[in-house]
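To keep things clear, I will list the structure first and then write my remarks on it.
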Amino acid sequence: MNAEALDDELSALGFKKIVYNSDTGKTVLLLSNWTVTGIDNAGAEQAVEKAVVVHVTK
């Protein structure tokens, strides 16, 4: 999934703190250029106030 599409979905669900970690250590600036490879604690219930950590690659 494209990181920009995931960002839109998470924002629509009320998540405000979304952290993007690249597999290369590069700074993630333009979400549409990145592909999601994983999400920490995917499938687990989480409060919208907590950070969601998303792993991405180019």
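The values are calculated or read from the model by the stated rules, or taken from the named source; none is laboratory data. Note that the structure is predicted; figures quoted are calculated from it, not measured. Ideal geometry is used to build each Cβ from the backbone, glycine not excepted, and the neighbour counts take in all protein chains shown. All accessible areas refer to the heavy atoms of the entire protein, side chains included, with ligands and DNA or RNA removed. Shrake-Rupley method; radii C 1.70, N 1.55, O 1.52, S 1.80 Å.
Once every DSSP H run of n ≥ 4 in the chain is given -39500 (n - 2.57) and the sum is divided by its residues, what mean residue ellipticity at 222 nm do you get, rounded to the nearest 500 deg cm²/dmol?
So the calculated ellipticity at 222 nm is -5000 deg cm²/dmol.
How far, in degrees from 0 to 90, does helix 3-12 lean away from the longest principal axis of the Cα atoms of the chain, to the nearest 10?
Helix 3-12 sits at roughly 20 degrees to that axis.
Under a point spin-label approximation (7 Å from Cα along Cα-to-Cβ), what is the Leu30-Ala12 distance to one decimal in nm?
2.4 nm
How much area per residue is accessible in the chain when the probe is 1.4 Å and only protein heavy atoms are counted (Å²)?
69 Å²
Under a plain spin-label model, where a point goes 7 Å from the Cα along Cα-to-Cβ, how far apart in nm are Asp23 and Glu49?
Modelled inter-label distance: 3.5 nm.
Report, by chain and number, residues whose modeled amide H sits under 5 Å from the one on Ile39, excluding near sequence neighbours (fewer than 5 apart, same chain).
Amide H neighbours of Ile39: His55.
Using the crude model of +1 on Lys and Arg Cβ and -1 on Asp and Glu Cβ, and no other charge, please compute the dipole size for the chain relative to its Cα centre, in debye to 20.
Details: 5 positive and 8 negative charges, 43 e Å.
Taking the Cα centre of the chain as origin, the dipole is about 200 debye.
Using a 1.4 Å probe over the heavy atoms of the protein chains, calculate the carbon and sulfur portion of the accessible area of the chain as a whole percent.
On the way: 2030 of 3990 Å².
Result for the chain: 51 percent of the exposed heavy-atom area is carbon or sulfur.
Kindly identify the chain as rounded, prolate or oblate by the Cα gyration tensor criterion: order the square roots of the eigenvalues as a ≥ b ≥ c, call it rounded if a/c is under 1.5, otherwise compare a/b with b/c, prolate if a/b is larger, else oblate.
prolate
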